[in-house]
Every structure is written in C-alpha cells, then in structure tokens.
Amino acid sequence: MMVLITYDVNTETDAGKKRLRLIAKECVNKCQRVQNSVFECLLDPAQFSELRHKLEKIADGSTDSLRYYYLGKNWKRRVEHFGAKTSYDPEGVLII
Amino acid sequence: MKKLLNVLYVTTPEAYLSLDGENVVVLIEGKEKFRLPIHTIESIVCFGFLGASPALMGFCAKNGVGLCFVSPYGRFLARVSGGVYGNVLLRKKQFRVSDSEADCVPIAINCIIAKLNNSRVVIERAIRDHPGQVDVNALKKASTYIKNSTVQLQNCSSLEEIRGIEGDCAKIYFEVFDELILHSKDSFYMRGRNKRPPKDNLNALLSFLYTLLAHDVQSALETVGLDPYVGFLHRERPGRPSLALDIMEEFRAFFVDRLVLSLINRKQITGKGFTVRESGGVMMDADTRKNVLMAWQKRKQEKITHPFLNEKISLGLLPYVQSLLLARHLRGDLDAYPPFLWK
C-alpha cells in the first residue's frame, strides 16, 4: 500500500533539530522523498507499523506532528505532480 | 503469498552503486543520480563494470535482495550471495535425491514434460492465430512429434534417455521456430541455436532473456532454501546453477520465446538495434536493451491463475511458486513435483 507521510518538527531547540534529523533519516530509509518533509512509502502493513512506531518514538507529541495519508493500492490515480523534481514510480520499470 | 517486488536494472555503464542508510544510491561520475529504499525491490541487475560497494553487497545479502552483475551485453558475470541460510535438512535431502538417479528421474521427467508441453503451446498458438501466414503442415508435424515424445518420456528410466528426447524435441522446435516469425524475416531468423557469443539477432535476444530468467529462478530457489547448484537433470559443474537450469526448462517457452516473438511480430524491436562485432557475436544497442527490459518487466506483472495452486499470481512469482512446490516435494509433503503446465 502507498502511504504519504508528512511531518512538522519544532526546531527551536537543539533537541528539536536532532529529532528532525532522526525522523528524516528514518523516512529516507524506507520512503521516497518527494518534497522536503513529504515522503511516499510503498510498504506492506507490517513494515508500515514498524516505521510508524519508530517515528512516534522519536517525535515529541507536544511540539511535533506527523500525518499519514493512506492512498491504498490504487494510489496512482490519486497523485498528480506539477513542476520540478519529478519522482519515480516504485511499481514501474526501474531502468537507470 | 509473497508479493512481487520490483527489479532495479542499472544499464548506464559508468554507474556505481552504493549504500546510504537503507537506500541504494546510484552514482554517476560521483554525483547522486537515483536513490531508492532497498526493501521495495527484490533484486538489482547491474550491467555496468564499475560495480557496487561492499557495504551494499552485504546489505543486499543480509536482506535477501538478489544482486547480479552481467556484462553490458547481458552475459552473466557474478552474483552476490550471503551466508548459507535456509533449512539444512531440506538441502541435505536435495543432495541425497540428486545423488540417486532413480530419485532424479521422476522430477526430471516432470520438468521436461512441462517444457515440451509449453513449447508445443507456442507452436499451436501460431497455428491457431495465423493459419494463413505460417506453414501449418510443418508446424503440425513438429507439434505431433513433440506430443508423442511426451508420451515416450513418461516411460524413461534413465537421465540419458530424458536428455536424448529433450535434445531431439529442442531441435525440432527450433527448426520450426523460424515459421513463427511473421515480420522482418531478414533481420530475425532462426537457423539453429548458437550461443557464447550468439551469432544472429534472434539468438542474441534469446540468450539475453534466458540470462535474466536464470537470475530470477536462481534467486527464487535460494529464497525457499534450495541449493541452486545441485540439479537433478543437469549434472553438477563448478559455477553452473544446475537446479536453476532444471526449473528454468519449464519457463523458457512461456516466458522468453513467447515474449521474443511478440516483440518481433509487433515490431517493437527492429534489426537496426543490433550490431555485429568483429568476433561474429551480435549485441544489442542501449535503446533496444531498454525496450526488451521494459517488455520483460511488464510481462512479469501480468497475472494468471496457477494451474496447480488455483490461485491468482503475477507471472514474476512463478519461479518462486515452482521452487516452493519443489521444496514441498523434497520434504515429502507432495508425492510428485507438479511442474508448470501452460494451457
């Protein structure tokens, strides 16, 4: 399934900057970075709950926020893109 | 059922693969060109010579992602595999079966029956679809010959006999293969199989796709814990994945031959995309190779109902399913190995 993850991390303190770095790192490991704090992940439900657990352990609920948008299996017709930084289709043909 | 994951093909010759966190990063001239989380793919096929970092190799081996290097023209060079894993009891059983000819024969017979059946389907399909354009008599004759051989095969008691029948049928099959090509016959023709290097366009295409298929089958066998180097019909030879070649027999006609025929007959590739080298070997240019890879990936995503499991699966999972069934047979859960019979 395709999940869109976005986050907002409060970076006023050094601890906040560290949280941002850690969260970004976890997301980069599993997902495609489509914009600065927006990630598209093609994961199965088990992998997703693992990632979610990791992210929520790092994030501080009182200042940061994480949002998950479940785009499901038919995600392709729900996503459109305009402008620079085109993404790749993880289910399409990957030839470099 | 396992999910069919994607395959990353790296065809740029100067690409270098490295690992960053859990991502594969493709570097071209030191600059990051592409990045992809490794767990969304099941294997990487690399056509370049610069290769990959040891860290990436280790990560792939640990996570069960196949990493395979082939030369820019599709010839297999090496694959990276990690420590031995899987069930040791299953593997020992496989070795014991492989050592006794009496145990090998029934499995080998089933594989070859499937091979013959599936190549007959290719011929029969041409008779059905293009009765006006092909030499129906010759095709019918070949089809009947293969059919009779299938019956003969069931009474074989030695591997030598099986190999003999298989060889005869392959010869008959490739003799009429030329008939199945409906267009651009001057650039694509079949005058016998030749390889290492392939000497004409059609052989180049077939060899290229057989290499890709062998890679898929070998990865599938390793996934279920079988040793791809210990075969039943093909004898062991250092560096030869004999079991992968055994299991591949069922898929040759279904996956590769059919795809090659559609590519040619739909004019998706032309003779211009091939060049002959001084050595007499034929190679594809980058665009043709890309087209072929795209068609191959698309084909793997098509779905069929598996005749034995009665379950809908992607074609790309067939090698995995067959390996699973073979493992079940070796473990004693199934009385015989059910090969993949295409209808």
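General observations
- In the set (1) buried (at least 21 other Cβ atoms within 10 Å of the Cβ); (2) farther than 24 Å from B:Ser323 by Cα, the condition left unmet by B:Val7 is number (2).
- Residue ID - farthest from B:Val276 (Cα to Cα), chosen from residues in segment B:165-195 that are in contact (Cβ under 8 Å) with a residue 60 or more places away in the chain and assigned to a loop (DSSP other than H, G, I, E, B): B:Leu182
- Test: residue in segment B:315-326 that is farther than 23 Å from B:Leu202 by Cα, among the hydroxyl-bearing types (Ser, Thr, Tyr) and surrounded by 18 or more Cβ atoms within 10 Å (Cβ to Cβ): yes
- Lone qualifier among A:Asp89, A:Asp64, A:Asp60 - being of a type outside the set (A, V, I, L, M, F, W, C), in contact with a Lys or Arg (Cβ under 8 Å, 6 or more places away or on another chain) and within 14 Å of chain B (Cβ to nearest Cβ): A:Asp89
- Test result for B:Ser158, in contact (Cβ under 8 Å) with a residue 60 or more places away in the chain and among the polar types (S, T, N, Q): no
- Close pairs (9 angstrom Cβ cut-off, 6 or more residues apart or separate chains): within 16 Å of B:Lys290 (Cβ to Cβ) in segment B:1-25, of a type in the set (Phe, Trp, Tyr) and in a strand (DSSP E or B) anywhere: B:Leu8/B:Phe34; B:Val10/B:Phe34; B:Ala15/B:Phe34
- Any hit, segment B:136-159, residues being at pLDDT 85 or above, within 19 Å of the chain's Cα centre (by Cα) and either of a type in the set (A, V, I, L, M, F, W, C) or not in a helix (DSSP H, G or I) (or both): no
- Note on segment B:171-194: among residues that are over 18 Å from B:Leu259 (Cβ atoms) and of a type in the set (Lys, Arg), the one that is surrounded by the most Cβ atoms within 10 Å (Cβ to Cβ) is B:Arg191.
- In the set A:Glu80, A:Glu12, A:Glu40, only one residue is in a loop (DSSP other than H, G, I, E, B), in contact with a Ser or Thr (Cβ under 9 Å, 6 or more places away or on another chain) and either surrounded by fewer than 18 Cβ atoms within 10 Å (Cβ to Cβ) or within 14 Å of chain B (Cβ to nearest Cβ) (or both); that residue is A:Glu12.
- Residue, farthest from B:Cys111 (Cα to Cα), within segment B:253-283, restricted to residues that are of a type in the set (Gly, Ala, Ser) and under 20 Å from the mean Cα position of the chain (by Cα): B:Ser262
- Residue match in segment A:16-25 (condition: at the interface with another protein chain (Cβ under 10 Å from one of its Cβ atoms), within 24 Å of A:Tyr88 (Cα to Cα), part of a strand (DSSP E or B) and at pLDDT 85 or above): no
- Among the residues of segment B:76-87, none qualifies, meaning not one is touching an Asp or Glu at 6+ places or on another chain (Cβ under 6 Å), under 23 Å from B:Gly225 (Cα atoms) and surrounded by 15 or more Cβ atoms within 10 Å (Cβ to Cβ).
- Number of the exception - A:Ala46 against (1) under 20 Å from B:Arg35 (Cβ atoms); (2) within 14 Å of chain B (Cβ to nearest Cβ); (3) more than 10 Å from the chain's Cα centre (by Cα): (1)
- Entirely in segment B:1-118, the strands (runs of 3 or more DSSP E) that have 1 or more residues that are touching a helix residue (DSSP H, G or I) at 6+ places or on another chain (Cβ under 9 Å) and within 14 Å of chain A (Cβ to nearest Cβ): B:6-10, B:15-20, B:23-28, B:31-37, B:41-46, B:66-70
- All of B:Asn203, B:Asn310 fail the test of being part of a helix (DSSP H, G or I), at pLDDT 80 or above and more than 14 Å from every other protein chain (Cβ to nearest Cβ), apart from B:Asn203.
The values are calculated or read from the model by the stated rules, or taken from the named source; none is laboratory data. Given the structure is predicted, the values throughout are model-derived calculations rather than measurements. All Cβ positions, glycine included, derive from the backbone under ideal geometry; neighbour counts span all protein chains shown.
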